[in-house]
Amino acid sequence: MLGFGKIKPEEIPEIIESGKRDRAGRTLPAHGLYLVKVDY
């Protein structure tokens, strides 16, 4: 939803802190996604 302009970036911390998953919008399956690299 963030990429579609329905959620503003500054709303993200509030959504995470609320603990209400439905406020974040729908989730798509992770088909084909994998971790490539981790940098510290």
For the pair residue 37 and residue 18, the simple spin-label estimate (label points 7 Å beyond Cα toward Cβ) gives in nm 3.6 nm
Work from the charge dipole of the chain (Cβ charges, +1 for Lys and Arg, -1 for Asp and Glu, about the Cα centre) and give the residue of 36, 25, 13 farthest towards its positive end.
25
Over 10 Å intervals from 0, what percent of Cα-Cα pairs in the chain sits in each interval?
23, 37, 39, 1
For residue 14, what is the net charge nearby, where nearby means another residue's Cβ is under 12 Å from its Cβ and Lys, Arg count +1, Asp, Glu -1?
0
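Read the figures in this text as sums done on the coordinates, not as results from a lab. Bear in mind that the values here come from a model prediction, so they are computed numbers and not experimental data. We place every Cβ from the backbone using ideal geometry, glycine too, and count neighbours over all the protein chains shown.
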